[in-house]
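The values are calculated or read from the model by the stated rules, or taken from the named source; none is laboratory data. Quick caveat: nothing in here was measured; it's all calculated off a predicted structure. A quick note on method: Cβ atoms are made from the backbone with ideal geometry, for glycine too, and the neighbour counts reach across all protein chains shown. Surface accessibility is based on the protein's heavy atoms, side chains included, excluding ligands, DNA and RNA. Shrake-Rupley method; radii C 1.70, N 1.55, O 1.52, S 1.80 Å.
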Amino acid sequence: MRAVVHDRYGPPEVLRLEEVERPVPKDDEVLVKVHATTVNRSDTGFRSAEYFITRFFTGLRRPKLRIPGYEFAGEVEAVGAAVSEFAVGDRVFGANVAGFGAHAEFVCVRERAPLAKMPAGMTFEEAAAVPDGAILALTFLRRADLRKGQKILIYGASGSIGTAAVQLARHFEADVTAVCNTRNVELVRSLGADRVVDYTQEDFTKNGETYDVIFDAVGKHSFGRCRGSLKRGGVYLATDLGFLAQNPILALVTRRIGDKRVRFPIPRYTKKDVLFLKELIEAGKYRAVIDRRYPLEQVVEASRYVETGQKTGNVVLTVGGDHGI
């Protein structure tokens, strides 16, 4: 089968397309024929080893898992002897966070992994663009204990995590202020934001408004800059380690000192969350936002684009031909 591989850390150019052996499912695994996958911020971070600490999980000297990618959507090609939830031909989507390997024509995934049958009427490209950003956003909003009527500001509201956070915060009946650039104002408003701040025209930290939760969905702000915009007892949600890994440290310190908190939760990808998102999609309360689509062969170009930090929503890799509904 064809797969994207890399044998060292570095820029997008370390990626290449190669013929590799097709995986064989174990008793508790399903073999998925991948029709679509994504390139996200985590993929580029793992590939480049931007933060050296990630090497403790992916390999100190070189990548332990040669095939990157973990979001996917496709069809079940084969099932292991102990699998009961899925059958050959099922259209599925999910995240293979334990083994990566989704930037390929086939991937093996454990039955109990964050894997579910696709929502009715959804394309493979749309389904592949759901799990990562939405599960990350869901993890952070739950950690903040976001409740009905609370005011939340989402910075970076037009990215993968941000577009998911706007929709999920709306579902939780919070009052949502979204921050993005000029070209994405209408998109973010259409996702359910009550107010949209164009950061090229206004600095939200200087307008006098305060919030119960500030969610930095792109890792470009800091607790120090946002602290004055938090209410007493407010929570700053950090998705990035920050300068010299300050955010995890601040999360520990602010638990005991001060009246405003930093939260830096470790995401957990679960089947329960994928099923929850499937329900929201089928109820018309959530939609995937896709910026660009590239064929698998153009993974280097897709990765370069993601690394500009200017993508809107998700960047999808298509595998093979036309994979619509």
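Quick notes on this structure:
- Just one of the listed residues (157, 169) is within 24 Å of residue 294 (Cα to Cα) and buried (at least 24 other Cβ atoms within 10 Å of the Cβ), and it is 157.
- Output for the range 189-207, where each listed residue is under 19 Å from residue 150 (Cα atoms) and in contact with a strand residue (DSSP E or B) (Cβ under 6 Å, 6 or more places away or on another chain): 189, 193, 194, 195, 196, 197, 204
- Matching option when the condition is closer than 20 Å to residue 47 by Cα and surrounded by fewer than 22 Cβ atoms within 10 Å (Cβ to Cβ), among 248, 265, 295: 295
- Selected residue (only one of 185, 166 is more than 19 Å from the chain's Cα centre (by Cα), closer than 25 Å to residue 307 by Cα and assigned to a helix (DSSP H, G or I)): 185
- Condition check for residue 271: within 20 Å of the chain's Cα centre (by Cα), touching a residue at least 12 places away in the same chain (Cβ under 8 Å) and open to solvent by 40 Å² or more (accessible area, probe 1.4 Å): no
- Selection over the range 215-230 of residues that are of a type in the set (S, T, N, Q) and modelled with pLDDT under 95 gives a count of 1.
- Residue match in the range 108-128 (condition: farther than 20 Å from residue 269 by Cα, part of a loop (DSSP other than H, G, I, E, B), in contact with a Pro (Cβ under 7 Å, 6 or more places away or on another chain) and open to solvent by less than 20 Å² (accessible area, probe 1.4 Å)): no
- Subset tally (residues that are within 22 Å of residue 54 (Cβ to Cβ) and either out of contact with any strand residue (DSSP E or B) (no Cβ under 9 Å at 6 or more places or on another chain) or free of Cβ contacts under 8 Å to residues at least 24 places away in the same chain (or both)) for the range 98-117: 1
- Neighbours by Cβ (under 7 Å, 6+ apart or cross-chain): first from the range 26-54, closer than 20 Å to residue 116 by Cβ; second among the hydroxyl-bearing types (Ser, Thr, Tyr) and crowded, with 16+ Cβ neighbours inside 10 Å: 36/318; 40/160
- Cβ-Cβ under 6 Å pairs, at least 6 apart or on other chains, the range 128-154 side under 14 Å from residue 218 (Cβ atoms), far side open to solvent by 20 Å² or more (accessible area, probe 1.4 Å) and assigned to a loop (DSSP other than H, G, I, E, B): 136/267
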